[in-house]
Each structure stands twice: as C-alpha cells, then as structure tokens.
Amino acid sequence: MQLSLCTWAEVEAYLARADAIIVPIGSTEQHGPNGLIGTDAICAEAVARGVGAETGALVGPVMSIGMAQHHLAFPGSITLRPSTLIAFVSDYVFSLARHGFRRFMFINGHGGNIAPLSAAFSELYATASLDPSGSVPRLRCTLRNWFDGPEIGRLSRQFYGDKDGSHATASEVALTQFLHPDAIKRVEMPAVTPTRRRFTDALDLRALHPDGRIGSEPSLATPEHGKALYEAAVRECSTAWRSFVQEA
Ligand code: NI
C-alpha cells in the first residue's frame, strides 16, 4: 500500500487500525562504471514496496536524495548536508505524526545515511524529552538496511565471494538489473584496486577510487542474482517489520 496512491480517507482508515509506516530512503550518487545513479533509491523503494505488498504496511514516498557528499566529484551525484537530511527526516516524520503515525521503519539503501539517520532519530526523541508539557508525540523509529540481513550476506558470498565490495556493490547493481533490465550497462572494467584507507571528502574519494567502485566487481552482477537478492531482502525486511510493529 503506497501512501502516494492513497486518498486521505484511505490513510485515515489505515490509521484507525495501525500507527506504523515504512519510509524508504536512498541516495542519488555515482555507482561506478556500470551502476545507475539512482541505485540506492531504486533498491530501497522496491524493497519497501515489496514489504508493503507482503505485509499490508503503508509505504511512504521514497527519500531519494541522501547524504552523499563524498560522491560529489562524480557527475550526477546529489547530496544533502547531514544537517539538511536530519531536518528533512524530522519534517517528514512530524508531518505524519500529526495525523497519528507513531512508528517509523526506514528501509535504507545507502551507508552514508546511517549516521545522519541515527542522529535524526536522536533529534526526534530529544524534542519529546525536552518538552516539559509532554505534548510532543512519543515516536519510535528504526533503521533497516536492505543489504544487511543474514540471507543477503549468504547470497552475496555465494554469488561474489569477497568481490561484492562496499560501494557500487555487485549485489546492488544486480538488484537494479532485475528491476530495470532495460537500463543494464555493459562496461569493461579492470580488476578493482584494494582499498588503502577510508576516504574523506569528494576529491579524496575520487583520488582513491577513480572509477567510483570501492572494493567491488559489479561486472559479476546479473538480473537473476538481483531477483534472488530482491526476494531475500523483502523476506528479511518483512520479518523485521512484523516484529517492529508488535514490539511492546
Ligand atoms: Ni549504493
């Protein structure tokens, strides 16, 4: 069930029986020689919609721009500052809280969002904690990276061994190939160079990782892998959703 395809009356009816919603969050940033700029948003949104179809959860609009400052030396990448992302999450969540939503599960597709999202949750909780009147809604937020489950880990090792990498991974490229077969890119690429150290800013990342990959061999990706990864991610995130909404 997608919020954007509901009427307000349907949302009101949903709120009569539930107070939880899924928020997909991704990024718009370079994903190496054959990866789509929209990879992280595409994956998060597809998995979130799959969980919505599986569980009846309402799925909010995807936050398709994330914290990706480190990718800005590659054309097409867009970032929010961490502080902007925190403000964006806060406004998104408090808008829905006004109507009665209390639990928010963010299905995330981008590692760079993890720290600002965690800070955003602390900001939301601090708003309630610092309000002596107790009138600020008490919310519960959780973050689920679609790529973090044990079944995804097993598939990644089975398909790619130690070549999945940490950015422009073969797994995420495979997932987009399954979702968008018409946008599959065939690009020759050399064996990836080992990661020397953690990058800092955009120019540093490009100097360390000239074609945008970090430790990955995304030429190994196939749409068939993507289908298996998609189904595993929907299963694992659906399980996480069910336990989140049942938490006491
Ligand atoms: Ni990504």
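A few notes on this one:
- For the stretch 96-227, accessible area per residue (1.4 Å probe, heavy atoms of protein chains only), Å²: 53 Å²
- Radius of gyration and maximum dimension Dmax of the chain, Cα, Å: 18.5, 61
- Residue among Gly38, Cys6, Ile114 farthest towards the positive dipole end of the chain, charges placed on Cβ: Ile114
- Nitroxide proxy distance, nm - points 7 Å out along Cα→Cβ at Cys6 and Glu231: 2.9 nm
- With respect to the chain, whose longest principal axis is taken over its alpha-carbon atoms, helix 150-160 is tilted by about 20°.
- Surface exposure of the stretch 1-47, expressed per residue as accessible area with a 1.4 Å probe, stands at 38 Å².
- The shape of the stretch 18-97 can be summarised by an equivalent ellipsoid whose semi-axes, obtained from the alpha carbon gyration tensor, come to 25, 17, 6 Å from longest to shortest.
- With both labels modelled 7 Å from their Cα along Cα-to-Cβ, the Ile184 to Arg154 distance reads 2.6 nm.
- Nitroxide proxy distance, nm - points 7 Å out along Cα→Cβ at Val245 and Ala191: 4.9 nm
- Fraction of accessible area attributable to carbon and sulfur, the chain (%, probe 1.4 Å): 55 percent
- Nearest-20 debye value, the chain charge dipole, Cβ charges on Lys, Arg, Asp, Glu: 300 debye
- Computed from Cα positions, the angle between helix 114-129 and the longest principal axis of the chain comes to roughly 10 degrees.
- Principal-axis analysis of the Cα atoms of the chain puts helix 39-55 at an angle of about 50° to the longest axis.
The values are calculated or read from the model by the stated rules, or taken from the named source; none is laboratory data. All values reported here derive from a predicted model rather than from experimental measurement. Quick reminder, even Gly has a Cβ in these numbers, built from the backbone with ideal geometry, and neighbours come from all protein chains shown. Accessible surface is based on the protein model in full, side chains and every heavy atom, while ligands, DNA and RNA are left aside. Shrake-Rupley method; radii C 1.70, N 1.55, O 1.52, S 1.80 Å.
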